[in-house]
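First the structure, in the form of structure tokens, and then the observations on it.
The values are calculated or read from the model by the stated rules, or taken from the named source; none is laboratory data. Keep in mind the model is a prediction, meaning the values are calculated, not measured. Note that each Cβ is placed from the backbone with ideal geometry, even for glycine, and that neighbours are counted across all protein chains shown.
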């Protein structure tokens with residue numbers, strides 16, 4: 001239990017070349033109705049004037065503290081681990097340097113979790129925006145209704161949905177039990193990390209008005225990359241997730257949920273990384289759920305049954321490369 005009136009909240013922010021967005025992120029903190037917070041920004045070697053921008057703001061607000069990553073490897077997860085090690089708060093909010101918090105988010109989540117044991121995990125709704133939060137659209141999610149960790153994991157993977165980093169909120173004690181962000185990962189760091197957090201939590205508490213604004217539209221996003229190292233890292237994150245989930249509960253439902261991650265990986269990245277796609281397919285079969293036609297573009301399911309999904313996937317990729325979009329494929333090649 002915590003004292004809601006006095007609990008310090010540490011907001012940990014990795015920073016890399018975000019001079020154009022970090023001011024708005026910090027302003028969303030300064031606009032919080034809950035004033036007892038500290039912001040720990042850890043720069044990852046920015047080559048723009050991000051550090052200068054945040055240093056100027058920090059000079060006028062002593063709640064804002066700026067550090068530089070002082071060890072390898074480079075990456076947001078290293079910066080988060082360093083920031084967390086410096087955090088003094090009873091609660092921790094992880095936040096990216098281009099996202100925003102609703103003015104009441106921290107106050108509402110402190111109030112909600114102060115009534116709960118320290119291993120309770122809080123989360124709230126999120127809204128996606130591209131330019132300004134006034135354009136944000138709040139995303140509906142079946143996860144908002146789930147408060148049990150295993151049920152949450154099963155729902156997330158079977159319904160192909162997620163909760164982004166900034167929506168989560170928890171005690172520092174809970175995050176300490178979970179351990180650090182995995183600094184090896186180049187993709188899906190947040191998915192792997194918060195899988196472990198969810199599994200460690202005794203209960204999940206959803207706060208309906210604790211809104212998080214999630215910015216999209218950055219074309220240099222690493223999640224868009226088909227780089228070999230990043231694909232290998234993504235598959236590793238799924239292997240780590242499987243291990244964590246099945247350690248908590250090894251059941252038909254959890255095995256099926258993990259197999260869905262592998263099956264989607266196989267379909268999405270074949271033939272770009274055939275060996276990795278094949279490895280993911282083998283994992284799924286090992287779990288008892290071999291590749292399913294439901295992961296295939298509906299336009300190709302009948303043909304896949306005759307020729308095999310990999311042959312048809314190659315056809316699909318070639319058609320898309322030649323200018324056929326998915327909507328065009330559905331019109332020209334739909335098999336009833």
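Here are a few things to note about the model shown:
- When 120, 161 are checked against the criterion of being on the phi < 0 side of the Ramachandran plot, surrounded by 18 or more Cβ atoms within 10 Å (Cβ to Cβ) and in the same structural domain as residue 32 (by TED's automatic domain parsing), a single residue qualifies: 120.
- Residue within region 169-178 that is within 24 Å of residue 89 (Cβ to Cβ), assigned to a loop (DSSP other than H, G, I, E, B), at pLDDT 95 or above and over 13 Å from the mean Cα position of the chain (by Cα) present: no
- Selection count where residues are under 21 Å from residue 109 (Cα atoms) and not in a helix (DSSP H, G or I), scope region 5-48: 19
- Residues located in region 167-193, provided they are out of contact with any strand residue (DSSP E or B) (no Cβ under 6 Å at 6 or more places or on another chain) and more than 22 Å from residue 72 (Cβ to Cβ): 173, 174, 176, 177, 178, 191
- Boolean, residue 73 is within 17 Å of residue 193 (Cβ to Cβ) and out of contact with any strand residue (DSSP E or B) (no Cβ under 9 Å at 6 or more places or on another chain): yes
- You will find that of 228, 196, the residue that is without any contact (Cβ under 8 Å) to a residue 60 or more places away in the chain and either surrounded by fewer than 19 Cβ atoms within 10 Å (Cβ to Cβ) or out of contact with any helix residue (DSSP H, G or I) (no Cβ under 8 Å at 6 or more places or on another chain) (or both) is 228 and no other.
- Cβ-Cβ under 9 Å pairs, at least 6 apart or on other chains, region 28-39 side in the same structural domain as residue 94 (by TED's automatic domain parsing) and farther than 17 Å from residue 94 by Cβ, far side modelled with pLDDT under 95 and in a loop (DSSP other than H, G, I, E, B): 36/5; 36/6
- All of (1) farther than 15 Å from residue 213 by Cβ; (2) free of Cβ contacts under 8 Å to residues at least 12 places away in the same chain hold for residue 134 with one exception: (1).
- Residue within region 311-329 that is more than 30 Å from the chain's Cα centre (by Cα), assigned to a helix (DSSP H, G or I) and at pLDDT below 85 present: yes
- Single residue of 272, 265 found to be out of contact with any strand residue (DSSP E or B) (no Cβ under 6 Å at 6 or more places or on another chain), in a loop (DSSP other than H, G, I, E, B) and either within 28 Å of residue 309 (Cα to Cα) or not assigned by TED's automatic domain parsing to the domain that holds residue 16 (or both): 272
- Residue check: residue 102 meets all listed conditions (1) farther than 30 Å from residue 147 by Cα; (2) in contact with a helix residue (DSSP H, G or I) (Cβ under 9 Å, 6 or more places away or on another chain) but one, namely (1).
- Contact map, region 94-120: first residue under 20 Å from residue 83 (Cβ atoms), second residue in a loop (DSSP other than H, G, I, E, B) and at pLDDT below 95, Cβ cut-off under 6 Å, separation 6 or more or different chains; pairs are 110/4.
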